[in-house]
């Protein structure tokens, strides 16, 4: 198959990715089709298949691209751990906003268990990185805490997407639950660094 023509402006692949995110914000993942993506990106469906084998493969690649230790995710985990305040997390918000909104979409009801599982793996990986440890160094209780925290964080991401209000995170962290999570995270960090 010949390579798609390059024109001035945004590449066909980038238009496909942007269209994917736009559609994902408007409809469930399961309703996105190659035909609708191609039409929305103003490319031939063969162009889609030049870049991707399937919508699932596309999603996997662009999720890795968008959630590969991006600033919004890493800073947000630091906020939840109690080491940054919300102004520090979103001090450079415009640069992080798009990635954060996409993370919220993946955590939402528009998503699928497979996509949420991918996000969960990314979040656990980021948390482990922030703790300077690997999953094999955690005991059963640490793993339960991490699973509980990540699942709750993903629910809050979906709530933010629905309300579009950052105060949902401040409310959480100012609550007894939020303070307990931050303290537990700090205790886990101390335990692992001992």
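The values are calculated or read from the model by the stated rules, or taken from the named source; none is laboratory data. Nothing here was measured: the structure is a model prediction, and the numbers come from that model. A quick note on method: Cβ atoms are made from the backbone with ideal geometry, for glycine too, and the neighbour counts reach across all protein chains shown.
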Exclusive hit being over 29 Å from residue 18 (Cβ atoms) and touching a helix residue (DSSP H, G or I) at 6+ places or on another chain (Cβ under 6 Å), set 131, 119, 126, 115: 131
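The rows are residues; the columns are (1) crowded, with 18+ Cβ neighbours inside 10 Å; (2) closer than 24 Å to residue 113 by Cα; (3) more than 20 Å from the chain's Cα centre (by Cα).
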position: 138; (1), (2), (3): yes, no, yes
position: 147; (1), (2), (3): no, yes, no
position: 152; (1), (2), (3): no, yes, no
position: 157; (1), (2), (3): yes, yes, no
position: 169; (1), (2), (3): yes, yes, no
position: 184; (1), (2), (3): no, no, yes
position: 190; (1), (2), (3): no, no, yes
position: 193; (1), (2), (3): no, no, yes
Across the stretch 7-25, the tally of residues that are in a helix (DSSP H, G or I), surrounded by fewer than 19 Cβ atoms within 10 Å (Cβ to Cβ) and free of Cβ contacts under 8 Å to residues at least 24 places away in the same chain stands at 3
With the condition kept exactly as written, say whether any residue in the stretch 164-176 is in a helix (DSSP H, G or I), in the same structural domain as residue 122 (by TED's automatic domain parsing), farther than 30 Å from residue 25 by Cα and in contact with a helix residue (DSSP H, G or I) (Cβ under 8 Å, 6 or more places away or on another chain). no
Looking at (1) outside the structural domain of residue 112 (by TED's automatic domain parsing); (2) at pLDDT below 90; (3) in contact with a helix residue (DSSP H, G or I) (Cβ under 6 Å, 6 or more places away or on another chain), which is the only condition residue 24 fails? (2)
